[in-house]
1. Within the stretch 384-410, can you find the residues that are part of a helix (DSSP H, G or I), surrounded by 24 or more Cβ atoms within 10 Å (Cβ to Cβ) and of a type in the set (A, V, I, L, M, F, W, C)?
2. Do any helices (runs of 4 or more DSSP H) entirely within the stretch 245-358 hold 2 or more residues that are out of contact with any Ser or Thr (no Cβ under 9 Å at 6 or more places or on another chain) and farther than 20 Å from residue 373 by Cα, and if so, which?
3. Please enumerate the residues belonging to the stretch 421-451 that are free of Cβ contacts under 8 Å to residues at least 60 places away in the same chain, assigned to a helix (DSSP H, G or I) and surrounded by fewer than 20 Cβ atoms within 10 Å (Cβ to Cβ).
4. Can you tell me how many residues within the stretch 63-82 are surrounded by 24 or more Cβ atoms within 10 Å (Cβ to Cβ) and in contact with a Lys or Arg (Cβ under 8 Å, 6 or more places away or on another chain)?
5. Does residue 467 qualify as being touching a Leu at 6+ places or on another chain (Cβ under 6 Å), of a type in the set (Phe, Trp, Tyr) and in contact (Cβ under 8 Å) with a residue 40 or more places away in the chain?
6. Need the failing condition index for residue 325 against (1) touching a residue at least 40 places away in the same chain (Cβ under 8 Å); (2) closer than 19 Å to residue 482 by Cα, just the number.
7. Within the stretch 473-496, restricting attention to residues that are at pLDDT below 55 and not charged (D, E, K, R), which residue is farthest from the chain's Cα centre (by Cα)?
8. Give me the pairs, please: first residue somewhere in the stretch 254-265 and surrounded by fewer than 12 Cβ atoms within 10 Å (Cβ to Cβ), second residue anywhere and assigned to a loop (DSSP other than H, G, I, E, B) and modelled with pLDDT under 95, beta-carbon distance under 8 Å, and either six or more positions apart or on two chains.
Amino acid sequence: MSVTLEPTSAPAVGSPPGKDRRGLGLLVLSLAQLMVVLDATVVNIALPTAQQALAFSDADRQWVVTGYALAFGSLLLLGGRLSDFFGRKRMFVIGTIGFALASALGGAANGFEMLLAARVLQGVFGAVLAPAALSLLTTTFTEPAERSRAFAIFGGISGAGGGVGLLLGGALTEYASWRWCLYVNLVIAAVALVGAAVALHEGERPARPHLDLPGVFTAVLGLVGLVYGLAQAETEGWQSAATLAPLLAGLVLLVAFVLIERRVAHPLLPLHVVLDRNRGGAYLTVAVAGIGMFGLFLFLTYYLATSLQLSPVATGAAFLPMLGMLMVTAIGLGAVLVPKIGPRPLVPAGALMAAVGMALLTRLELDSTYAADVLPALLVIGAGLGLVFAPAQNAATAGVHASDAGVASAMINIGQQIGGSIGTALLSSFAASSASSYLAGKGSSPEVLAQAAIESYQTVFWWSSGFLAVCAVLAAVLFRSGPLQVDPDAAPVLAH
């Protein structure tokens, strides 16, 4: 069953966009992407302070993170399809305004319930904003070399967003207030909206769009079950009914979703979008890389803050060299090489480099130093990740028709979200098991506890290295050789 939705306006017709406006448009879209990506980590830094200020429990604290992840992850497909139906600029503006207002609500929170509601609303509007931004990029930059440069910048910002969130969260919490970790989105959104009014323009939309209601129902509930089950695994364990029941229900609903999409006339997710080798490979490799990335941002943050005793600002700043290297390789190499050779040589090489860098972190001890032991590994990881995210995001939407750009863009965000959720659950359980094994029979002196933490970090870094190596193998097998094919019918959508 599907319902026909009347579009709110006729498809836009206009001249091709000028290059000056497209550069401004790229800046606007990158800012919006940064706002969504960094919000996954910037709030984490502020959580302990917010918990103390609002007096909520440790169990409630998890829901401030999980509430955002549930809403964002489960509604991405619907948000992507709404962009295809009602216009990418329109949904981009709605998503940006909604995200900013939800952030303001969270910054003004006077209790846990208000903060949780704000985080859920951030997830809802983020699910509208993220695919709209990426699909605008996809349908605007269609010439291969120009497209690769645009995706190099956009992908570099996506990969760096988590680290930027750590730095920004630390600085705002230490020098201003935890509330500014949310209020800062108002500043970013204001700049993005002004730029959108100047540079962005609506693209084509179907004259009579059809919404696949059974697909929406099974996709949303299936993704809710999957993300919720993974969140429960972190706290309840993998054998708990609270973990297994939603995971199994989510998987069953997602299988039902695929069966529905094979049969309906107007699917929410046309299966040819994901069954293409390049696009399917991009979604999968980004998800697996996301698992490994979680080990870096969370557990290396713990190490820097607790073992090396760095301040929140210094902990965030410690990631800056990695982010700089990520941008250098994404823009300097990815943008130049992707149009010539495609993603197949680059993504596996980048994932292997990141795996080597993660393996270097397994040597960290209580007496290690940042300059000698952490920095070299971060530089290698950053160089590798720059060759993973930008080419993979480019491949994730390459060759898709403009009418499916929103849903294709949603899928890459779903891959990142599911990868991060799996990383949270898996690596946290591995760390806990490793620390428990080390502590068995050793007592609980401060020295023993400190070494147990080191053992848990080393275990996580080995697993993260392994996941990145798997990412390299998947990319080598799944991506096609040669340059990416770009849809010639993808209409430009930025203003002239």
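The values are calculated or read from the model by the stated rules, or taken from the named source; none is laboratory data. As the structure is a computational prediction, the values presented were derived from the model and not from experiment. FYI the Cβ positions are ideal-geometry reconstructions off the backbone, even for glycines, and counts take in every protein chain you see.
1. 385, 387, 388, 389, 390, 392, 395, 396, 405, 407, 408, 410
2. Once the helices (runs of 4 or more DSSP H) in the stretch 245-358 are filtered for at least 2 residues that are out of contact with any Ser or Thr (no Cβ under 9 Å at 6 or more places or on another chain) and farther than 20 Å from residue 373 by Cα, what remains is 271-275, 277-294, 320-329.
3. Kept after step one, since they are free of Cβ contacts under 8 Å to residues at least 60 places away in the same chain, are these residues of the stretch 421-451: 430, 432-449.
If we keep only those that are assigned to a helix (DSSP H, G or I) too, we end up with 430, 432-439, 446-449.
Selection gives 430, 432, 433, 435, 436, 437, 438, 439, 446, 447, 448, 449.
4. 2
5. no
6. Every condition holds for residue 325 apart from (2).
7. First, pick out the residues of the stretch 473-496 that are at pLDDT below 55: 487-496.
Remaining after also requiring not charged (D, E, K, R): 488, 490-496.
Working: 488: 28, 490: 25, 491: 26, 492: 25, 493: 24, 494: 24, 495: 28, 496: 31 Å.
Ranking the candidates gives 496 first.
8. none
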